[in-house]
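Undergrad: Structure below; questions to follow.
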Amino acid sequence: MRWRQLITRDLVRHKRQWLGVCIAVASSVGVTAFMGALTAGVYRYAIKPMVPRLPLEYLRVEPRTLSIGGITFDAGRLSGGYGLDESTLGEIQELKGVAKVFPVVGAKVPLRAEGGEGFLGRRLRTDIFATGVPPELIEDDIADGQEFKDNPEGPVPVVIARRLLELYNTTVAPVVEKPRLSERMATGFMFVIQIGRSYATASHRTGKVRKVQARIVGFSDRASMVGLTIPEATMRRWNREYGSASPVSAAWVQLEDPAYAGAVTKRIEQWGLRLDETPKLMAAGIAIAGLLLVLCWVLLLMLSAWAIAQVYFLMLAERRTEFAVIRALGARKWDLCRWLLIESVVVGTVGTLIGLVVGLGAAIGLSEWLRSFVAVLSFKPVSLVDVPLVLLGLTLFLGIGASVCGALVPAVLTSRIEPGSALRN
Amino acid sequence: MSFGEEVVRFHRVTKTIKAEEGERTLFEDIELSILSGEWVAIVGASGAGKTTLLSMIGALDNRFEGELEVLDHSLLTLNDNELAMLRSQHIGFIFQDFHLLTHLSVLENVAFPLWISRAKADQTELVRAQNVLSDVGLASRWNSKVTHLSGGEQQRVAIARALVGDPRLIIADEPTGNLDEVSSECVLDLFEALRTPDDSGQAARTVVVATHDPRVAQRADRIIKLEEQKLVMVEAVS
């Protein structure tokens, strides 16, 4: 029997005190695992599907608008800045670091879509919004065998925002009890677009209404989130057909390198235009949540280390004479210190495993309970719990680290015990 | 080490300690020599510094002024690890309250100094501990819990623990303080026996005992009395 057996015996003998340390570790780890798993799960299954996976070299520019009493003004132009038109796009194109500018053309004609009886079981009619974009902007997202170009004779090619498909899969499909759709399954889906009529505005002033076939040809993160995305030329043709100009409602700016993002953004904002800040806000929110989590984690580490240190101080104070005797019998300071630290690692590991099981179990339980409510609101993510490896690593580090940190000072102080006190006691 | 060699040497040693009233000198400029094979009893009033003197001889305390050599080592030149090594390999301790480790068996208590000495082979430790237990008459109790032993038996386990490393110097603080008369005599007989070399050529051990018990002092070769910061009386008993 040597140190290993001595440590085992010691752990068994002082099991009540070690249980205190174990509970402190398990509590910290449990809370961390619980919070971490829920945060990671909410991010993965609820937030991330909402956030467009935009490449960093693309910026979306919009006019700064101001709405008063239902009337919308171009706030940027009113304040002496630029409006968003063809000349502004040219100015943006001239900025250093800008590779290409893609206009997003809005519809000036009412639109309505109908169809879906094959899939939904009944014909669905709804007003729609549509925007036109140059094919080069989303050509990488067009499905194999499909085309995204203006064709007056054939079906109108339509691209859908990926987030809309994800929203359908996570929100609509469970409620209407339809299967989730992959991009491949939805590609090629045909429906009808009525041009010149909508429920909101009735018929166009010209009274002209016609129907065209439309076909989904792909899914893109740069497609409109509030409707259909069709070729720019098609949209301009429709507007022209109904006697309207084709306003530039937004633009995509492709950068030569993401490093230019800061300078280009600053210049565009100086012109009174607005950049779509949704991804930025989302990223900031996620960063803040991550920071809060890390702060909580550090706080927990410190608190648990402090609590563990108190337990150690109490326990080691009771055993001062014993350690003095062991020192008198020939143990070095390092022998005692190592002994106590190894014990703290063992207890920390056990506490961590208990904390992980309890914390993750509680998170899964809460997730299922919440999901049972969320279903009523027609939003049901797959889960609200995720356990990435980094979370496991952090909790292991927290548990064992807190135990060792808490034991460190008491262990060092104990190892410095004067062996002569063994005689005096 | 044969009889008559110097095991402990104090030269102009002064020891001060921190007390409530400030620094207090326990003894000043003391000179003392203890030879191998000697049994020395240190006596004196409570607080005179017997235990402190014992701590210094046992390499537990090296904060003093002067020169102190124990087993050819100048204590002031040794660091903490070297002091621990010296204690582990050459000095055995017997405490008044036994200070046995209650979670270990009798045999494990005796083997404990070997486990922490890092110098002995693992397989021989328990065998050696068993032999020493036989020497103190506790061979049959090797597997007992120490808490199940009488005071005298516990002290004999403590003596076995002190002897297991085959130390050249035994330090005992009030070894009979918690024992009845019969047990005390038994312990004293053990002390007598262990400092006497046997026919196998075992080296002579030196025993230094701090005590209030006149029976212990009377069995010693020399009595050293601590009084008024000095070793005022060094008496040869036999």
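Undergrad: How large is the convex hull of the C-alpha atoms of region B:37-187 per residue, in Å³?
TA: Residue-normalised Cα hull volume stands at 128 Å³.
Undergrad: Loop-only check: which trypsin sites (Lys or Arg not before Pro) in region B:1-64 are DSSP coil with at most 15 other Cβ within 10 angstrom?
TA: Within region B:1-64, the qualifying trypsin sites (Lys or Arg not before Pro) (loop, at most 15 other Cβ atoms within 10 Å) are B:Arg63.
Undergrad: Also: Dividing the Cα radius of gyration by the Kirkwood radius, what Rg/Rh value follows for region A:182-265?
TA: 1.06
Undergrad: Work out the mean other chain Cβ neighbour count within 10 Å for the residues of A:330-339 and drop it here as an integer.
TA: 5
Undergrad: Please give the calculated 222 nm ellipticity per residue for chain B, where each DSSP H segment of at least 4 residues contributes -39500 (n - 2.57) and the sum is spread over every residue; nearest 500 deg cm²/dmol?
TA: Estimated from H runs of four or more residues: -10000 deg cm²/dmol.
Undergrad: Count charges around A:Pro103 for me, please; just the other residues with Cβ under 14 Å from its Cβ, Lys/Arg as +1, Asp/Glu as -1.
TA: Values: positive: A:Arg60, A:Lys100, A:Arg222, A:Arg236; negative: A:Glu62, A:Asp85, A:Glu86, A:Glu91, A:Glu136, A:Glu232.
With Lys, Arg at +1 and Asp, Glu at -1, the neighbours total -2.
Undergrad: Which loop GluC sites (Glu not before Pro) in region B:1-83, with loop taken from DSSP, have no more than 16 other Cβ atoms within 10 angstrom of their Cβ?
TA: Passing both the DSSP loop test and the Cβ count: B:Glu5, B:Glu20, B:Glu21.
Undergrad: On a 1.4 Å probe surface of the protein chains, which of A:Leu300, A:Leu370 comes out largest in accessible area, and what is the full order?
TA: In descending accessible area the options line up as A:Leu370, A:Leu300.
Undergrad: Taking Cα pairs under 8 Å and at least six residues apart, what relative contact order does chain B come out at, in percent?
TA: 27 percent
Undergrad: Please go through the residue pairs B:Lys50/B:Lys225; B:Lys50/B:Lys230; A:Lys15/A:Lys333; A:Lys108/A:Lys149 and name each one whose alpha carbons sit more than 18 Å apart in this structure.
TA: A:Lys15/A:Lys333; A:Lys108/A:Lys149
Undergrad: Here's another thing I want to ask about it. Under a 10 Å cutoff between Cα atoms, tell me which one of A:Asn151, A:Asn239, A:Asn169 has the largest fluctuation in the Gaussian network model of chain A.
TA: Comparing A:Asn151, A:Asn239, A:Asn169 in a Gaussian network model of chain A, the most mobile one is A:Asn151.
Undergrad: Let me ask you something else. How large is the direction-averaged shadow of the alpha-carbon convex hull of region B:82-153, in nm²? Please report the intermediate quantities before stating the final value.
TA: Numbers: hull surface 20.4 nm².
Averaged projected hull area, Cα only: 5.1 nm².
Undergrad: So how exposed is B:Cys186, as accessible area in Å² (1.4 Å probe, rounded to 10)?
TA: 50 Å²
Undergrad: Continuing with this model, one more query. Could you tell me which residue out of A:Ile195, A:Pro231, A:Phe219 lies farthest along the dipole of region A:187-246 toward its positive end? Charges go on the beta carbon: Lys and Arg +1, Asp and Glu -1, centred on the Cα centre.
TA: Checked the options; the winner is A:Ile195.
Undergrad: Now for a different question. Counting Lys and Arg as +1 and Asp and Glu as -1, what is the net charge of the other residues whose Cβ lies under 12 Å from the Cβ of B:Gln96?
TA: -2
Undergrad: May I pose another question? Please list B:51-60, A:83-92 highest first by mean number of surrounding beta-carbon atoms within 10 Å per residue. It would help to have the intermediate numbers written out before the result.
TA: On the way: B:51-60: 25.1, A:83-92: 16.5.
Going from most to least packed, we get B:51-60, A:83-92.
Undergrad: Can you tell me the relative contact order of chain A? Whole percent, Cα pairs under 8 Å, sequence separation 6 or more.
TA: Relative contact order comes out at 31 percent.
Undergrad: In deg cm²/dmol and to the nearest 500, what is the mean residue ellipticity at 222 nm of chain A if only DSSP H runs of at least 4 residues count, each as -39500 (n - 2.57), divided by the residue total?
TA: Calculated mean residue ellipticity at 222 nm is -16500 deg cm²/dmol.
Undergrad: Per residue, what accessible area does chain B have, given a 1.4 Å probe and all protein chains present, in Å²?
TA: Per-residue accessible area for chain B comes out at 42 Å².
Undergrad: Given springs between every Cα pair under 10 Å in a Gaussian network model of chain A, which of A:Arg332, A:Arg236, A:Arg371 has the largest fluctuation?
TA: In this elastic network of chain A, the residue with the biggest mean-square fluctuation among A:Arg332, A:Arg236, A:Arg371 is A:Arg332.
Undergrad: Identify, among A:Leu181, A:Ser383, A:Gly361, the residue whose Cα sits farthest towards the positive end of the charge dipole of the protein assembly as shown, taking +1 on the Cβ of Lys and Arg and -1 on the Cβ of Asp and Glu, with the dipole about the Cα centre.
TA: A:Leu181
Undergrad: Right, another one. Relative to 2.2 N^0.38 Å, what does the C-alpha radius of gyration of the protein assembly as shown come to as a ratio? Two decimals please.
TA: 1.67
Undergrad: With charges only on Cβ, +1 for K and R and -1 for D and E, what is the dipole size of the protein assembly as shown about its Cα centre, in debye, rounded to 20?
TA: On the way: 72 positive and 74 negative charges, 808 e Å.
Dipole magnitude for the protein assembly as shown comes out near 3880 debye.
Undergrad: Now for a separate question. Can you give the average number of partner chain beta-carbon atoms within 10 Å of each beta-carbon in peptide B:95-104, as a whole number?
TA: Mean shielding by partner chains, rounded to a whole number: 5.
The values are calculated or read from the model by the stated rules, or taken from the named source; none is laboratory data. A quick note: this is a predicted structure, and the numbers were derived from the prediction, not measured. Cβ sites come from the backbone with ideal geometry, for glycine too, and all protein chains shown count toward neighbours. Surface accessibility is based on the protein's heavy atoms, side chains included, excluding ligands, DNA and RNA. Shrake-Rupley method; radii C 1.70, N 1.55, O 1.52, S 1.80 Å.
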